[in-house]
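**Student:** A single structure is presented below for examination.
The values are calculated or read from the model by the stated rules, or taken from the named source; none is laboratory data. Predicted model, so just to flag it, every value in this text is computed and none were measured. Glycine also receives a Cβ, built like all others from the backbone with ideal geometry; neighbour counts cover every protein chain displayed. With ligands, DNA and RNA removed, areas are computed over all heavy atoms of the protein, side chains included. Shrake-Rupley method; radii C 1.70, N 1.55, O 1.52, S 1.80 Å.
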Amino acid sequence: MPGMTHELWVVETEAGPATTAADFLAGRIRQVVTERGRFTMAVSGGKTPWAMFDHLASQDLPWESVEVFQVDERIAPAGDPDRNLTHWEARFGHLPVVTRAMPVEEDDVEAAAGRYAASLPDRFDVVHLGIGPDGHTASLVPGDPVLDVDDRSVAITGSTYQGRHRMTLTYPALQRTEQLLWLIAGEDKRDALAGMLAGDPAYPASGVVAPRSLIVTDRAAHPQDA
């Protein structure tokens, strides 16, 4: 079964996808703030996204009108290098961005997930996602019960992944967006990207749909360049 329609930008250089995605995101921030006065997005973590956010943080944007939520977060102490928030704050902590951190430090993370869900906007302007070699996106990992959650916007993974349980937006929450922005780079992502583009349900990323979806990738990850 074919997947949803994605706009695909293949960028030639290794640094290119991150910079290109940052420039696209900056353009969306300016446009939405001009039109509606406020921009809301949900962001993922990872090596390539941190390069994107380095570039984004250096730009002159209406940061005081930007509200940021987390796509997912490892259940770990404050300041832990495993935390996506740790890396986000290192880049944006000096800017007047409103950051809505996932409350993973609370004793009852299930109840905390419910409260975080209640804080989400009705609709995001952009949800930024990546994909793992196994086809996971957010913390929607193959075989995890969280893939079947359709009655909550935020959930806790049923098993550990890379040593941690995670709090994650579920499919219903990820799909409450005007625009998906996928940043996918590296040869190890090629099979997963091919599966996602084909709509293969074995790859959880295939299950995320939205009115508009842009994939920014490099030659190494692009299946047609294999």
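**Student:** Which of the residues belonging to the range 178-212 are of a type outside the set (Val, Ile, Thr), open to solvent by less than 30 Å² (accessible area, probe 1.4 Å) and either part of a helix (DSSP H, G or I) or under 15 Å from PRO133 (Cα atoms) (or both)?
**Tutor:** Across the range 178-212, the qualifying residues are TRP182, LEU183, ALA185, GLY186, ALA192, LEU193, GLY195, MET196, PRO204, ALA205, SER206.
**Student:** Checking the structure you have, find out if any residue of the range 61-75 is of a type in the set (Asp, Glu), in a loop (DSSP other than H, G, I, E, B) and either surrounded by fewer than 16 Cβ atoms within 10 Å (Cβ to Cβ) or touching a helix residue (DSSP H, G or I) at 6+ places or on another chain (Cβ under 7 Å) (or both).
**Tutor:** Looking through the range 61-75, none of the residues is of a type in the set (Asp, Glu), in a loop (DSSP other than H, G, I, E, B) and either surrounded by fewer than 16 Cβ atoms within 10 Å (Cβ to Cβ) or touching a helix residue (DSSP H, G or I) at 6+ places or on another chain (Cβ under 7 Å) (or both).
**Student:** Now for a different question. Quick one: what pairs do we get from the range 86-115, first residue without any contact (Cβ under 8 Å) to a residue 40 or more places away in the chain and within 28 Å of ASP60 (Cβ to Cβ), second among the small types (Gly, Ala, Ser) and assigned to a loop (DSSP other than H, G, I, E, B), C-beta under 6 Å, 6+ apart or different chains?
**Tutor:** Cβ pairs passing all conditions: THR86/GLY79.
**Student:** Next question. Condition first: open to solvent by less than 10 Å² (accessible area, probe 1.4 Å) and under 21 Å from THR217 (Cβ atoms). Now tell me which residues in the range 132-159 satisfy that.
**Tutor:** Result: GLY132, GLY135, THR137, LEU140.
**Student:** Next up: Hey, SER58 hits all of (1) under 16 Å from the mean Cα position of the chain (by Cα); (2) of a type in the set (Ser, Thr, Tyr); (3) surrounded by fewer than 18 Cβ atoms within 10 Å (Cβ to Cβ); (4) closer than 20 Å to GLY27 by Cβ but one; which does it fall short on?
**Tutor:** (1)
**Student:** Looking at GLU7, GLU89, GLU35, which is the one that is open to solvent by 40 Å² or more (accessible area, probe 1.4 Å), over 23 Å from TYR116 (Cα atoms), in contact with a strand residue (DSSP E or B) (Cβ under 9 Å, 6 or more places away or on another chain) and not β-branched (Val, Ile, Thr)?
**Tutor:** When all the criteria are applied, what remains is GLU7.
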